[in-house]
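Here is the structure we will look at.
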């Protein structure tokens, strides 16, 4: 008995009921089911109505609650409760988030839901709880539902079978392209920007008139997205055409700004529109960070003066700079310019995911509208036929009114008698028996005949409509024209918001033009703490350091200079002199400013001089000449310049000023050869400088052969080796050289 109970508790029943199959196949089938469910029921919109299931169920539930645009509002909690209770078996938070977004005029170009209460704002603040907000349909949302009672689309049982829901909405409004969509599925994603409904209607009319219209012709009518927050589209026209033709690409969107003249040559920039899906509060924070970190040298201050509209005030640091130059620099540094990706991936006919061109999505909408028109017309014909049958029975009753009354008064079963005597159908006889006495008037008979004639005329028109493809497209054209009248460019709020322009051709201003030029003295300690003291201070002046630390590098520079740092691993890093900490404190560690690994040591730190060159060499004796411009790095991670052999490190980073190279090894052998024997590279291992049996390279220097090789001896005296004495050490590159002359520094270094 206990064993039977145990078997009943095992999922799948008794052990002999378990089926064996390979794990890979079982996982593959289940993962495929999950992927299909995510693609079709969660992430990708339907190309016909442009909705995902949660949005479709939201609108349908609000229609069932009679939340039409002319009705009163109902609590959002009531709507969400109906959706998750009847149609959408998921969490209420996801449903309410979908409701909130459908009501935000800064998220959707044409909101589907009219919200009352706090539905969030462009700053990124969240909406109030669903018990505090109220909602009803907008005219756009209602247009998506028009025809639902006329068998326009298929209905299916809900998840528990207790209700029915539409598979797709009739969708008189081109919602997919007008409001856009975004989503991430399994192995695919979609990102469709919003567009102007009037432009879409013009493109639809063009396709109806000429189905073979090209992508270029369609793109001429739909020049680009139309975002609810406005902005300026600066994507090149060729790129827009290519994106619409392939269904993939992107659009550069900039904030809209204007210059306010303050008099006396002073001005400021006011941003009135920001890019789509950019939170204004985070944008302000980012601008403030740029000012604090000195990354926006032209910007002095930023203020948010927004009320109902957007108003961000940007104060320039100097009035001599052009406003366009200021904005171009900010466009590169923050979300005043964004790129909206285009990936027009949608479910075609509700089943097949496909990346479509703009033309294909418009044609999918037109095919759906034609199917809806045909189904509504057939449904109406069925209703007309049923009504005509009843009307014919009524007319027969009026023509034989006395006999009909007599039959009803005298017969126990009047229906079969009337059917046999007047040739009525069961439906007609039942309708006559249910007729009210007040309808037995002459005027009622005339009204019935007029109604019959009108229905017959409508029946002929619908029959002709279903039999003619041209008439069907003409009717669809009329419906699109009505949508254009209600929501197009001439309707309230229908004008294009996003301007289309070309990015101005402004040359990149050099950093020197963006930074106030001031002299500084750069000081770096042995432990890598760096600072910049104002002015050109004496390099031998006493400077305070942390306990256990001391001076290592010190040189004069200007705030417009760039500093180059070479690490022992051969990576070059770039620092802006204007971003160095002030000289009042002890400075800041270099490792906080660049991504310098802890195991790397600083080999050289110097001011970059355009056109200058450096001799780079490793401890293994390999090296080359590199232009300092090639050593400049654009990121914190630096740039690999000198490739090292295993176990080697950077030994030399010497300025190139001369025509000869002197190399000394750990074995104190000195070799002098011509500079022209070294290659100039941007990156590499280089060539062999000197040959060693053991040890490696100690130091190298570039000098003028005519002036001789100069170094300081241990006593501090200057020693010069020139003429015949220098000739003893001349040789070919990669030879061993000779022992250094007496008095050469014991540290084997020239400096």
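Of all residues in segment 117-125, one or more are under 24 Å from residue 276 (Cα atoms), modelled with pLDDT of 95 or more and in contact with a helix residue (DSSP H, G or I) (Cβ under 6 Å, 6 or more places away or on another chain). Note on segment 89-118: residues that are within 28 Å of the chain's Cα centre (by Cα) and under 22 Å from residue 159 (Cβ atoms) amount to 11. Residues in segment 575-592 that are under 38 Å from the mean Cα position of the chain (by Cα) and surrounded by 19 or more Cβ atoms within 10 Å (Cβ to Cβ) were compared, and the one that is farthest from residue 695 (Cα to Cα) is 578. Residues that are without any contact (Cβ under 8 Å) to a residue 12 or more places away in the chain and within 19 Å of residue 483 (Cβ to Cβ): does segment 371-388 have at least one? Looking through segment 371-388, at least one residue is without any contact (Cβ under 8 Å) to a residue 12 or more places away in the chain and within 19 Å of residue 483 (Cβ to Cβ). Of the listed requirements (1) in contact (Cβ under 8 Å) with a residue 12 or more places away in the chain; (2) touching a strand residue (DSSP E or B) at 6+ places or on another chain (Cβ under 6 Å), residue 283 misses just one: (2).
Yes/no matrix, rows are residues, columns are (1) more than 17 Å from residue 557 (Cβ to Cβ); (2) surrounded by 17 or more Cβ atoms within 10 Å (Cβ to Cβ); (3) in the same structural domain as residue 684 (by TED's automatic domain parsing):
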{"residue": "596", "(1), (2), (3)": "yes, yes, yes"}
{"residue": "601", "(1), (2), (3)": "yes, no, yes"}
{"residue": "605", "(1), (2), (3)": "no, yes, yes"}
{"residue": "610", "(1), (2), (3)": "no, no, yes"}
{"residue": "624", "(1), (2), (3)": "yes, yes, yes"}
{"residue": "657", "(1), (2), (3)": "yes, no, yes"}
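Of the residues making up segment 63-87, those that are under 18 Å from residue 51 (Cα atoms) and either in contact with a strand residue (DSSP E or B) (Cβ under 6 Å, 6 or more places away or on another chain) or touching a residue at least 40 places away in the same chain (Cβ under 8 Å) (or both) number 4. Would you say residue 668 is at positive phi and either modelled with pLDDT of 90 or more or in contact with a strand residue (DSSP E or B) (Cβ under 7 Å, 6 or more places away or on another chain) (or both)? Yes. Residues in segment 124-148 that are part of a loop (DSSP other than H, G, I, E, B) and touching a strand residue (DSSP E or B) at 6+ places or on another chain (Cβ under 9 Å): 6 in all. Checking each residue in segment 566-575 for being touching a strand residue (DSSP E or B) at 6+ places or on another chain (Cβ under 6 Å) and either touching a residue at least 60 places away in the same chain (Cβ under 8 Å) or part of a loop (DSSP other than H, G, I, E, B) (or both) picks out 566, 568, 570, 571, 572, 573, 574.
Among the residues that make up segment 494-511, is at least one of them at pLDDT below 85 and part of a helix (DSSP H, G or I)? Yes, there is a match, as at least one residue in segment 494-511 is at pLDDT below 85 and part of a helix (DSSP H, G or I). Apart from one condition, residue 162 fits all of (1) assigned to a loop (DSSP other than H, G, I, E, B); (2) touching a residue at least 40 places away in the same chain (Cβ under 8 Å); (3) buried (at least 16 other Cβ atoms within 10 Å of the Cβ); the exception is (3).
Taken over segment 287-304, residues that are free of Cβ contacts under 8 Å to residues at least 24 places away in the same chain, more than 25 Å from the chain's Cα centre (by Cα) and not in a strand (DSSP E or B) amount to 2.
What do you reckon, is residue 637 under 45 Å from the mean Cα position of the chain (by Cα), crowded, with 20+ Cβ neighbours inside 10 Å and farther than 22 Å from residue 552 by Cβ? No, not satisfied. In the set 186, 168, only one residue is in a loop (DSSP other than H, G, I, E, B), under 22 Å from the mean Cα position of the chain (by Cα) and touching a residue at least 40 places away in the same chain (Cβ under 8 Å); that residue is 186.
The values are calculated or read from the model by the stated rules, or taken from the named source; none is laboratory data. Treat the numbers as computed from the prediction; the structure is a model and nothing was measured. Here the Cβ is made from the backbone with ideal geometry for all residues, glycine too, and neighbour counts use every protein chain on show.
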